[in-house]
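Visitor: Before I ask anything, here is the structure I am working with.
The values are calculated or read from the model by the stated rules, or taken from the named source; none is laboratory data. Every value quoted in this text rests on a predicted model; they were computed, and no experiment measured them. For neighbour counting, all protein chains shown are included, and Cβ atoms are generated from backbone atoms with ideal geometry for every residue, glycine included.
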Amino acid sequence: MKKITIGLCLLVFCIAGWFATSSVTPQYNWLEIRDAVATSDTALTATTKDWTDRPFKALSRTIYEIPDEWNNIEIRFRGNDAAATSNYVVYLYASDDDAVKVCNGALTSGDQTATDGGFFVDTITVADVWPKDVLSGDASAGNGVSRIVFDSLGYQYIWVELTTISASDTMSVDIRGF
């Protein structure tokens, strides 16, 4: 009976240890996918959202492929000064398929400086059209780091469109997954 009890205790201990290590969500490093964009992107339309017309191809930019291990995506924005403004639209693509819109909104940078340069956006609005929630963090002018988070639902490529960038300003986009 003692051997069975000890054996069961060891089994429970091993299973508990496995759950503790397998349920950790890794945070990947921030990656800059748009740097100091000064000119507003041409907005995607109903006739320009197909795979062959994708903006990163047309703009000779490197397409950003979402790594397979990223289930969720977090996006933050940086302006070149403490009052830079812009609008944004987030799109995802599946390989060889048309763009789907995740969300859109407005950005304003605040006073917190970023290690990678510029000032973090501290005010962000989110109009969500995604089948799952798009969450925003620290979004209300607190001079922090506003960001948006959403489940990528297995899509493979991301495009963040920037429009209506304030005069003499630039906007950069960083993402990371978890």
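Visitor: Going through region 97-132 one residue at a time, which ones are closer than 12 Å to VAL145 by Cβ and among the aromatic types (Phe, Trp, Tyr)?
Guide: PHE119, PHE120, listed by residue number.
Visitor: Right, next: Would you mind stating whether ASN104 is out of contact with any helix residue (DSSP H, G or I) (no Cβ under 8 Å at 6 or more places or on another chain), of a type in the set (S, T, N, Q) and in contact (Cβ under 8 Å) with a residue 40 or more places away in the chain?
Guide: Judged against the criteria, ASN104 is not a match.
Visitor: Assuming ASP97 fulfils every condition listed in (1) at pLDDT 95 or above; (2) in a loop (DSSP other than H, G, I, E, B) apart from one, which condition is it?
Guide: Unmet for ASP97, out of (1) at pLDDT 95 or above; (2) in a loop (DSSP other than H, G, I, E, B): (1).
Visitor: Regarding region 87-99, can at least one residue be identified that is farther than 19 Å from TRP30 by Cα and free of Cβ contacts under 8 Å to residues at least 40 places away in the same chain?
Guide: no
Visitor: Out of everything in region 134-160 that is charged (D, E, K, R) and within 13 Å of the chain's Cα centre (by Cα), what residue ends up being surrounded by the fewest Cβ atoms within 10 Å (Cβ to Cβ)?
Guide: For region 134-160, the residue satisfying everything is ASP151.
Visitor: Checking VAL173 against (1) closer than 18 Å to SER40 by Cα; (2) part of a loop (DSSP other than H, G, I, E, B); (3) hydrophobic (A, V, I, L, M, F, W, C), which single condition isn't satisfied?
Guide: (2)
Visitor: State whether the residues of region 110-127 include one that is surrounded by fewer than 18 Cβ atoms within 10 Å (Cβ to Cβ) and closer than 30 Å to ASP53 by Cβ.
Guide: yes
Visitor: Which count do you get for residues in region 154-166 that are at pLDDT 95 or above and out of contact with any strand residue (DSSP E or B) (no Cβ under 8 Å at 6 or more places or on another chain)?
Guide: 0
Visitor: State which residue is modelled with the lowest pLDDT when the search covers only region 73-94 and only residues that are out of contact with any Gly (no Cβ under 8 Å at 6 or more places or on another chain) and part of a strand (DSSP E or B).
Guide: Within region 73-94, the match that is modelled with the lowest pLDDT is TYR93.
Visitor: Would you pick out the residues in region 129-157 that are of a type in the set (Phe, Trp, Tyr), touching a residue at least 60 places away in the same chain (Cβ under 8 Å) and either more than 13 Å from LYS101 (Cβ to Cβ) or outside any strand (DSSP E or B) (or both)?
Guide: Across region 129-157, the qualifying residues are TYR155, TYR157.
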